[in-house]
Amino acid sequence: MIARLKDALLAALIAGVLTLPLMGARTIESAHGLTAEWHLDRVLAVVVTVFLGRLAVLALLRRARGLGRMFSQISAWVARSAKVFSVQRRKKRRLLKTRFALPAILILATLLLPLMPFSSRYVLDVGIMVLTYIMLAWGLNITVGYAGLLDLGYVAFYAIGAYSYALLAQYADMGFWAALPLCGLIAAAVGVVLGFPVLRLRGDYFAIVTLGFGEITRLILINWTTLTGGPNGLSGVPRPRLFGMEFARSGEEGQALFHDVFGLAFDPSQRVVFLYYIILGMALLVGWFSWRLRRLPLGRAWEALREDEVACAALGVNRWWVKLTAYALAASVAGLGGAFFAARQGFISPESFTFMESATILAIIILGGMGSLMGVVLATLFIIGLPELFRDLEQFRMLAFGLGMVLVMIWRPGGLMSAREPTVRL
Amino acid sequence: MDYLLQQLINGLTLGAVYGLIAIGYTMVFGIIGMINFAHGEIYMIGAFVTVISFVVCGLTGMDNVAVMLAVALIVTIVVTGLYGWTIERVAYRPLRNAPRLAALISSIGMSVLLQNYVQLLQGARVKTMQPVMQGGVTLMDRADGFTVSVSYMQIIIMVLTVALMTGVTLVIRRTTLGRAQRACEQDKVMAALLGVNVDRTIAITFVIGAVLAAIAGFMVTMYYGVVDFFMGFLAGMKAFTAAVLGGIGSLPGAMLGGLLIGLIESFWAGYVSAQYKDVAVFGILMLVLMLRPNGLFGRPEIEKV
């Protein structure tokens, strides 16, 4: 008991020293330079919480005989409850139906969402955002989940897609549908050019270099004012049309308008519904594509490479080529996503493409279990959907992401819904 | 010529700071083979704690600059060192035997966490502090009014950096602790069998790295007087570039790399383009990794099955 009390006191002391300056005194600008505002109550709260929490953990530990056992119990429970949804469970015939049932229900639900009575414009906006992130995460999943390459500069390709569309529309007068495949191609081409030299690098060096790509892209976007508009960004990006029909109250002479053609009253939410279906179609396409890819020889090579590079090289797999395809494919998905983002917002600036964006998408994949498609969907709903619905918690979102990444890694390094089972078994 | 000299002085100052941060990267990489992504944030926390200590000292009515400096330095070192220890204990130690990317992801999470923690508590705006120490030595005075000068702060930064570097090198070369660190670097299991407390040695390595980053943060705050919650990201990236350039795992390499990066940045800003100075540094990182992944002083790594 005394030992536990000592331990808890020590933990509380450490927590106190850690939080005292940063939490206890908030620096504020005033007329005569910086001054501070005291928040010692917060420090006290943290200290007491840590003390009691540590005592509770220690008491629990004695029962569970060791931290490891407690963790393994909890994580086994999470795994069991996650397994029910797992797309990987194929041995038990009983569950075979659920393997397709959950995705089918989800797809049906998303298809019908705009028709639901409760679907306001706000709900659809959140839906579009969630679907965008699902698509981006499925794209990044190809590099991080399948091929095991930690790409920290994914946002670079997202930005390239967005700026490609904005510039193509501005200079070449291209519409969304003509520019969309081009944006994917441009992003993939940049991915090949960048990936070409760096894919030989070891895992963590590769991560840092891709982080550098992300930053370089952002810095170029900020500083190349003549082309990209610098920090002000580009505005007036044209909206997507449906077979040449514009979603607007009024258009130029001879311009077909959606509500005119169909004899409806004009409603701005028509465009939102249209955008929703575009991104739904794109996301489903990417999901289906990457799901099928995984069963191709190429997909198997990715997984093999992730598990053991040296063995792959010994078996004659062209490592560099296999990695390059994964990197370029993920880049093209980000390019498509970027083009959609630009078309949806109508305005883009470098501010939308910071490292935090890459970190968010990475957090989705990690939380979802690297490689698992359904996991990505659930994680996106959790990470993007929840904070969107509870706007007040917005400021704590990134804090929670960071914490979540650390905890997931400590707890279940494979992710919450790990799909690290090989697709084929001998 | 005068302009060149001034850029050289500025570059060396900057390089000294990068070098100090780079040591943290290089030591941690040497001993557990991971990139401590949150190291830049440690430096940021060091800078913030310095500002807060000064403000609090000012509020309590202290007016002796020397005492204030000493108090701020000690507080910064203690608090930031403890942050380094805690991060290792909480986020990295449980992952000691996990795959390499797991630890890297954990450290990215830690970095995001710390950035937002400071942003929430201290606000997103840039904090500007009045310079504590002013004045300097004018080396050259030209007729058109351009002067080449070294400020006292720059001199302090350079002298302190050299002293710290010597100290750390001596610790690693001569003391029991240094011997334990070198042993863990080579083979942790064998070191443990021979009675080295591996966990403690690794923890101390993190604390040393954090303390050096804290001193770097302290000096930068004294020098520029500007801090914000995002400053650790760029500085961390540059220091990491310095560590890679010098050969990650090598102590003199980190220092030399830091100086080179500082000089390149300063000259690039002075002669080519101030806007693209960060791009230049990232470009160097990529070039080094592609052409000479072991850096200037690094040992080649052998892929083992």
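Would you check if there is a residue in segment A:232-249 being within 14 Å of chain B (Cβ to nearest Cβ), surrounded by fewer than 19 Cβ atoms within 10 Å (Cβ to Cβ), at pLDDT 75 or above and not in a helix (DSSP H, G or I)? Looking for residues that are within 14 Å of chain B (Cβ to nearest Cβ), surrounded by fewer than 19 Cβ atoms within 10 Å (Cβ to Cβ), at pLDDT 75 or above and not in a helix (DSSP H, G or I), one finds none in segment A:232-249, hence no. Scanning segment A:25-46 for residues that are in a helix (DSSP H, G or I) and more than 34 Å from the chain's Cα centre (by Cα), we see that the one that is farthest from the other protein chains (Cβ to nearest Cβ) is A:LEU44. Going by the structure shown, is A:LEU182 free of Cβ contacts under 8 Å to residues at least 24 places away in the same chain and buried (at least 20 other Cβ atoms within 10 Å of the Cβ)? No, not satisfied. If you go through segment B:125-146 and pick out every residue that is in contact (Cβ under 8 Å) with a residue 40 or more places away in the chain and surrounded by 12 or more Cβ atoms within 10 Å (Cβ to Cβ), you end up with 10. Applying the criterion of being assigned to a helix (DSSP H, G or I) and open to solvent by 10 Å² or more (accessible area, probe 1.4 Å) to the residues of segment B:223-232, the residue that is farthest from the other protein chains (Cβ to nearest Cβ) is B:TYR223.
Table: residues versus (1) open to solvent by less than 40 Å² (accessible area, probe 1.4 Å); (2) facing chain A (nearest Cβ under 7 Å).
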| site | (1), (2) |
| --- | --- |
| B:ALA70 | no, no |
| B:LEU73 | no, no |
| B:THR76 | yes, no |
| B:THR80 | yes, no |
| B:TRP85 | no, no |
| B:ARG96 | no, no |
| B:PRO99 | no, yes |
| B:LEU104 | yes, yes |
| B:MET110 | yes, yes |
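Quick grid of which residues meet (1) under 30 Å from A:GLU307 (Cα atoms); (2) under 20 Å from the mean Cα position of the chain (by Cα); (3) in contact (Cβ under 8 Å) with a residue 60 or more places away in the chain:
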{"site": "B:ALA191", "(1), (2), (3)": "yes, no, no"}
{"site": "B:GLY225", "(1), (2), (3)": "no, yes, yes"}
{"site": "B:ALA239", "(1), (2), (3)": "no, yes, yes"}
{"site": "B:GLY262", "(1), (2), (3)": "no, yes, yes"}
{"site": "B:SER273", "(1), (2), (3)": "no, no, no"}
{"site": "B:LYS277", "(1), (2), (3)": "no, yes, no"}
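Of the residues examined, B:ALA243 is not one that is out of contact with any Leu (no Cβ under 9 Å at 6 or more places or on another chain), closer than 20 Å to B:TYR92 by Cα and small (Gly, Ala, Ser). Of everything in segment B:268-293 that is part of a helix (DSSP H, G or I) and within 7 Å of another protein chain (Cβ to nearest Cβ), the residue that is most open to solvent (accessible area, probe 1.4 Å) is B:MET290.
Of the residues making up segment A:400-412, those that are assigned to a helix (DSSP H, G or I) and open to solvent by 40 Å² or more (accessible area, probe 1.4 Å) are A:ALA400, A:LEU403, A:LEU407, A:TRP411.
The set of residues from segment B:112-137 being under 30 Å from A:ALA207 (Cβ atoms) and at the interface with chain A (Cβ under 7 Å from one of its Cβ atoms) comprises B:VAL112, B:LEU113, B:ASN116, B:TYR117, B:VAL118, B:LEU120, B:LEU121, B:GLN122.
The values are calculated or read from the model by the stated rules, or taken from the named source; none is laboratory data. All of these numbers come straight from a predicted model, not from anything done at the bench. With ideal geometry, Cβ positions are generated from the backbone for all residues, glycine too; neighbour counts draw on all protein chains shown. SASA here: full protein model, heavy atoms, side chains in, ligands and nucleic acids out. Shrake-Rupley method; radii C 1.70, N 1.55, O 1.52, S 1.80 Å.
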